[in-house]
Amino acid sequence: MYQNDIREVSEEQLIQFFSTIGEKPFRIKQLNSWLWEKNVHGFDLMQNLPKTLIEKLKKQFTFLVSRIGQEVTSQDGTVKFIFRLHDNHLIEGVLIPSGKRVTACISSQVGCKLGCKFCATGSMGFTRNLRAWEIIDQYALMNQRSNELFDQNITNIVMMGMGEPLDNYEQVMKAINILTSPQGNALSPSRITLSTVGLVDQIRQLADVQFKPSLAVSLHVANNEKRSQLMPANKKNPTHQLQSALRYYHKQTNQRITIEYVLINGINDSLADAEELAQFCRAFPVKINLIQFNSTHPPYQKSTPENTQRFIQYLESKNMVVNLRRSRGEDIAAACGQLVKKKAEGGRRKAEI
Ligand code: SF4
């Protein structure tokens, strides 16, 4: 469906096409600038291209784009978007303003195969991978809204929306390369965080490529058996292998790894869980983000304040760097997948799908 799309065409194919129609090669540079730097969504917006060339491009290629279908603003300022893709599938993205930063949370797949028990996206099943340009469209559309709403560009990107980014490795890496390229959006690689459930082979693969984003691992429980129950992907990526892959990632990149840990009452918030987490993290430098569970996904519940404090105190007694994060945008269904699933009940809506 998308093979003939302008953003799927290789540089070689473009050179050949431009040569066939007798156009000068510098026009390719202009075209690429409109596509990847200015992120326009239509041939007619490419102002410095001659009309005759635009007509030839339209005749030869499709130009599939995503659009914002719905926008919902939380009381805490978080803004969530449902994007409608060219084939009418829905994905979601989030803008999170915080001080001088605006972080964009971006999706990598429509749905997800991995079925984590506490995750709304996991219960939706998997539809398809996103193409690199569909990942970039989320950035471009939200960056425009960030400027309109907060008067500033997006400063950070987290690949933490719908889907497992390392399960769509090739297209995610292609998108990150374009987002960080001087011919693309020229973002700093250190401002992009790729969040994974812990796919061991792909973490090792990522450790060996030249360009590396920051890595966050959604660990959520360090005990192997419990993790397999909560996160089925752990069966193929057991914790000892994950620990070894993360040690390798640190060795290759010298990066500190972020461990994401959603505290769920009675599931992973005991002292024994904290001990196992500390044990897991001994193998490499980490920053631990403890996240309060968004209780809108039954039967799981938020950890009690007492359990949360005991958990934090134990980790701090082991000299670990720990941050407690409040779940943002709870009033508009914060967890990934919930916005699409619930079609944003509540909250203030900007536009309807
Ligand atoms: S938590 Fe992430 S990996 Fe697990 S089901 Fe949800 S989207 Fe997929």
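We did not get these values from a lab; they are worked out from the coordinates using the rules stated. Source: prediction; values computed, not measured. Counting neighbours? That spans all protein chains shown, and the Cβs are built from the backbone with ideal geometry, glycine included.
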Practice item. Would you mind working out the magnitude of the charge dipole of the range 196-285 relative to its Cα centre, with +1 at each Lys and Arg C-beta and -1 at each Asp and Glu C-beta, to the nearest 20 Debye? Key: 340 debye
Check your understanding: Highest GNM mean-square fluctuation, the chain, Cα pairs closer than 10 Å: which of Phe63, Phe284, Phe26?
Key -> Phe26
Practice item. Mind scanning Lys80/Lys226; Lys38/Lys174; Lys212/Lys236; Lys38/Lys100 and naming the pairs with a C-alpha gap bigger than 26 Å? Key: Lys80/Lys226
Check your understanding: Most exposed first by the Cβ proxy, i.e. fewest other Cβ within 10 Å, how do Glu164, Glu37 rank?
Key -> Glu37, Glu164
Check your understanding: Could you give the dipole magnitude of the range 141-253 about its Cα centre, charging the beta-carbon of Lys and Arg +1 and that of Asp and Glu -1, in debye to the nearest 20?
Key -> 360 debye
Check your understanding: Around Tyr300, what is the net charge, scoring Lys/Arg as +1 and Asp/Glu as -1 over all other residues with Cβ under 13 Å from its Cβ?
Key -> +1
Review point. Angle, helix 51-60 long axis vs. longest principal axis of the chain, Cα atoms, 0 to 90°, nearest 10?
Key: 60 degrees
Check your understanding: Among Ala207, Leu315, Thr52, whose Cα sits farthest toward the positive end of the charge dipole of the chain (+1 at Cβ of Lys/Arg, -1 at Cβ of Asp/Glu, about the Cα centre)?
Key -> Thr52
Exercise for review: Considering only Gln255, Gln279, Gln16, give the residue with the highest GNM mean-square fluctuation for the chain, with springs between Cα atoms whenever their separation is below 10 Å.
Suggested key: Gln16
Exercise for review: Give the long-range amide H neighbours of Thr196: residues separated by 5 or more places, or on another chain, with amide H under 5 Å away, using H modelled in the peptide plane at 1.01 Å from N.
Suggested key: Ala216, Val217, Ser218
Exercise for review: Specify the angular offset, from 0 to 90 degrees and rounded to the nearest 10, of the alpha carbon long axis of helix 271-280 from the longest principal axis of the alpha carbons in the chain.
Suggested key: 50 degrees
Check your understanding: When Lys and Arg each count +1 and Asp and Glu each count -1, what net charge do the other residues less than 15 Å away from Leu45, Cβ to Cβ, add up to?
Key -> +1
Check your understanding: Between the helical axis of 169-180 and the dominant principal axis of the chain, each derived from Cα atoms, what acute angle in degrees is found, rounded to the nearest 10?
Key -> 70 degrees
Exercise for review: Among Lys318, Lys24, rank each residue by its count of other Cβ atoms within 10 Å, from fewest to most, as a rough exposure measure.
Suggested key: Lys24, Lys318
Check your understanding: In nm, what is the difference between 0.36 nm times the number of residues separating Val40 and Phe17 and their Cα-Cα distance?
Key -> 6.2 nm
Review point. In the calculated pair distance distribution of the chain, what percentage of Cα-Cα distances lie above 32 Å?
Key: 33 percent
Review point. Amide H neighbours of Val262 under 5 Å, counting only residues 5+ apart in sequence or on other chains, H built in-plane at 1.01 Å?
Key: His220, Ile291
Revision key, fill the gap. With +1 on the Cβ of every Lys and Arg and -1 on the Cβ of every Asp and Glu, the dipole magnitude of the chain about its Cα centre, in debye rounded to the nearest 20, is 220 debye
Review point. Between Lys235, Lys29, Lys80, which gets the highest mean-square fluctuation from a Gaussian network model of the chain, Cα cutoff 10 Å?
Key: Lys29
Exercise for review: Using the number of other C-beta atoms within 10 angstrom as an exposure proxy, rank Met124, Met231 with the fewest first.
Suggested key: Met124, Met231
